[in-house]
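A quick write-up on the structure given underneath.
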Amino acid sequence: MRYSALAILKNALRGNRDWRPAWRMPDPKPHYDVIIVGGGGHGLATAYYLAKEFGIRNVAVIEKGYLGSGNVGRNTTIIRSNYLLPGNNPFYEFSLKLWEGLEQDFNFNAMVSQRGVLNLYHSDAQRDAYTRRGNAMRLHGVDAELLDRAAVREMVPFLDYENARFPVMGGLLQRRGGTVRHDGVAWGYGRGADSLGVDIIQHCEVTGIRRENGRVTGVDTTRGFIGCSKLGLAAAGNSSRVAEMAGLKLPIESHVLQAFVSEGLKPFIDGVVTYGAGHFYISQSDKGGLVFGGDIDGYNSYAQRGNLATVEHVAEAGKAMIPALSRIRVLRSWGGIMDMSMDGSPIIDRTDLDNLYLNAGWCYGGFKATPASGYCFAHLLAHNAPHPTATAFRLDRFARGLMIDERGAGAQPNLH
Amino acid sequence: MASLVSCPHCGLRPKEEFTIKGAALHRPASDAPSDVWLDHVYLRDNPRGEYEEYWHHTAGCRRWLVVSRNTATHETGMVRDAAAALKAETTA
């Protein structure tokens, strides 16, 4: 059924008895053309675009928990395309353009809010680095503005401008960046895929990948064996565990990233602001809570929770940027499992097994990539060739010396 | 994670005194083939469950330690001195 203002009115007048479930709960069929492992943002987006753009509808998304229970439900909701390197920038801009049309496309309110993303800088050298980044963005046709201190002060008056060690000198602004309601993304893509014939099989964990003559024949699951012609892995933090079932060892470590939300406050942070003298980012949700986060904890973890030392560390960075945060109460904290790749950039590629495809390595930046990741992975599954914006996301780039070193820290693992 | 970690040299110390490096991998010989080095530098088992890590007692004895830790529960198990463990393995 189509959601619309008229539908709300009609159903309200009928006592709201006629709303249909947003997606079915089908039993798995014996065989699908494509099985996607992972019912998160990327997996559901992949299924949606396979059905909608590439005409492949005999698809199942297999999710071990409930739809959207992983990182798509745990992130700080930021979208942006302010990337530096040519291997990254076009991809994230493709994603941002998909965000801009998404709600109309999948007929669901995902609260796409292009409220702006402002990256603060605190030194001449950092200003130069952000100038370079802004110019790189503009060379790719992406919007970027460099604001001086006065312009930033007009936008965000409550920052610690006079901080002796790290004064706020200005910022790089991408006005088209912003936030999106993360659960809405999972639900929108799930509902959209389901309505196009994709089976979303929840509470079904993949326990093995069956192979014959160098090809995948299907997956063993907690609900039995399900055959497939093509298998796509989109399991984020659990990628290594699933890939191991196919005999693959990945350039990935799973790390915990914590995120926080404060008590509800009157609106005072209008856009997304990120700190340049520490790893900290913050926005304010429509419910009034401040949504913020910072560094990963720094150790391998599948626990979906982190340590108090990191909570303190993030709070310190936040308070250094916005002194007023010192009096705000944190309501809730949680963690996710980040699939940290060895150069900080993602993998969307085929594997040594002819019909096994991998989408992983999103580190802590996967949410903004959701539409493009889904589209490009669907493209790869459908055509056996990478989408033009994703050609650099190769699994073998580490062997070939072609790491995408966005962070500028050098080609080193132990990056995190 | 355990708040207190039992360093073999310093006794029970707060976990914030330690820096976690990552998986305790065996370093290949310098002349090992490139695929062995590729595996060592870039590929990881990344297990969910108990595995061994290198920890540095940065704010204590500054020795490298091998710590057994469960990545799903964060419980820490046996802690041994890394150099001593390596010596015991090579002379075994």
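The values are calculated or read from the model by the stated rules, or taken from the named source; none is laboratory data. Source: prediction; values computed, not measured. Using ideal geometry, Cβ is built from the backbone for each residue, glycine included, and neighbour counts are taken over all protein chains shown. These accessible areas exclude ligands, DNA and RNA; they are computed on the full protein's heavy atoms, side chains included. Shrake-Rupley method; radii C 1.70, N 1.55, O 1.52, S 1.80 Å.
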Seminar exercise, completed: Only one of A:His279, A:His313 is more than 23 Å from A:Gly178 (Cα to Cα) and without any contact (Cβ under 8 Å) to a residue 60 or more places away in the chain, namely A:His313
Seminar exercise, completed: Selection from the stretch A:271-301 of residues within 14 Å of another protein chain (Cβ to nearest Cβ) and either open to solvent by less than 10 Å² (accessible area, probe 1.4 Å) or closer than 21 Å to A:Asn163 by Cα (or both) yields A:Asn300, A:Ser301
For this session: Starting from the stretch B:23-42, take each residue that is within 10 Å of another protein chain (Cβ to nearest Cβ) and list its partners that are open to solvent by 40 Å² or more (accessible area, probe 1.4 Å) and of a type outside the set (D, E, K, R), counting only C-beta distances under 7 angstrom and pairs at least six apart or across chains.
Result: B:Leu38/A:Ala399; B:His40/B:Leu25
Exercise. Can you name the residue in the stretch B:58-84 that is within 12 Å of chain A (Cβ to nearest Cβ) and of a type in the set (A, V, I, L, M) and, of all such residues, is nearest to B:Ser6 (Cα to Cα)?
Worked result: B:Val67
For this session: Determine if the stretch A:388-401 includes at least one residue that is of a type in the set (A, V, I, L, M) and within 26 Å of B:Pro47 (Cβ to Cβ).
Result: yes
For this session: Out of the residues in the stretch B:58-77 that are surrounded by 13 or more Cβ atoms within 10 Å (Cβ to Cβ) and assigned to a loop (DSSP other than H, G, I, E, B), state the one that is nearest to the chain's Cα centre (by Cα).
Result: B:Arg63
For this session: Working only within the stretch A:346-364, note down all residues that are modelled with pLDDT under 95 and open to solvent by less than 40 Å² (accessible area, probe 1.4 Å).
Result: A:Cys363
Exercise. Looking only at the stretch B:16-42, which residues are in a strand (DSSP E or B) and open to solvent by less than 40 Å² (accessible area, probe 1.4 Å)?
Worked result: B:Ile20, B:Gly22, B:Ala23
Exercise. How many residues, within the stretch A:189-208, are open to solvent by 20 Å² or more (accessible area, probe 1.4 Å) and in a strand (DSSP E or B)?
Worked result: 1
Exercise. Which of the residues belonging to the stretch A:11-38 are surrounded by 12 or more Cβ atoms within 10 Å (Cβ to Cβ) and more than 19 Å from A:Tyr66 (Cβ to Cβ)?
Worked result: A:Asn11, A:Trp19, A:Lys29, A:His31, A:Tyr32, A:Asp33, A:Val34
For this session: Please find, within the stretch A:209-257, the residue that is surrounded by the fewest Cβ atoms within 10 Å (Cβ to Cβ) out of those that are on the phi > 0 side of the Ramachandran plot and either more than 14 Å from chain B (Cβ to nearest Cβ) or in a strand (DSSP E or B) (or both).
Result: A:Asn213
Exercise. Within the set of pairs 6 or more residues apart or between chains, which connect a residue that is among the hydrophobic types (A, V, I, L, M, F, W, C) inside the stretch A:1-19 to a residue that is open to solvent by 80 Å² or more (accessible area, probe 1.4 Å) with Cβ atoms less than 6 Å apart?
Worked result: A:Met1/A:Arg20
Exercise. If you check A:Asp160 against the conditions, is it in contact (Cβ under 8 Å) with a residue 12 or more places away in the chain and closer than 25 Å to A:Arg327 by Cα?
Worked result: yes
For this session: Determine which member of the set B:Arg80, B:Arg13 is buried (at least 17 other Cβ atoms within 10 Å of the Cβ) and of a type outside the set (Phe, Trp, Tyr).
Result: B:Arg13
Exercise. Given the structure, is A:Arg165 of a type in the set (D, E, K, R), at negative phi, in contact with a Ser or Thr (Cβ under 7 Å, 6 or more places away or on another chain) and open to solvent by 40 Å² or more (accessible area, probe 1.4 Å)?
Worked result: no
Exercise. Only one of (1) free of Cβ contacts under 8 Å to residues at least 60 places away in the same chain; (2) outside any strand (DSSP E or B); (3) more than 14 Å from every other protein chain (Cβ to nearest Cβ) fails for A:Ala320. Which number is that?
Worked result: (1)
Exercise. Do any residues in the stretch A:374-389 that are over 17 Å from A:Leu233 (Cβ atoms) and part of a loop (DSSP other than H, G, I, E, B) have Cβ atoms under 7 Å from those of residues that are hydroxyl-bearing (Ser, Thr, Tyr) and at pLDDT 95 or above, where the two are at least six apart or on different chains, and which pairs are they?
Worked result: A:His387/A:Tyr375
For this session: Would you check which residues across the stretch B:43-57 are open to solvent by less than 50 Å² (accessible area, probe 1.4 Å) and within 11 Å of chain A (Cβ to nearest Cβ) and list them?
Result: B:Leu43, B:Arg44, B:Asn46, B:Pro47, B:Gly49, B:Tyr51, B:Glu53, B:Trp55
Exercise. Got a number for residues in the stretch B:43-57 being within 19 Å of B:Ala2 (Cα to Cα) and either in contact with a Leu (Cβ under 8 Å, 6 or more places away or on another chain) or touching a residue at least 60 places away in the same chain (Cβ under 8 Å) (or both)?
Worked result: 4
For this session: Go through A:Leu358, A:Leu331, A:Leu380 for me and flag whichever is touching an Asp or Glu at 6+ places or on another chain (Cβ under 9 Å), farther than 27 Å from A:Arg133 by Cβ and within 14 Å of chain B (Cβ to nearest Cβ).
Result: A:Leu358
Exercise. If you go through the stretch A:81-107 one residue at a time, how many are under 22 Å from A:Lys287 (Cβ atoms) and open to solvent by 10 Å² or more (accessible area, probe 1.4 Å)?
Worked result: 1
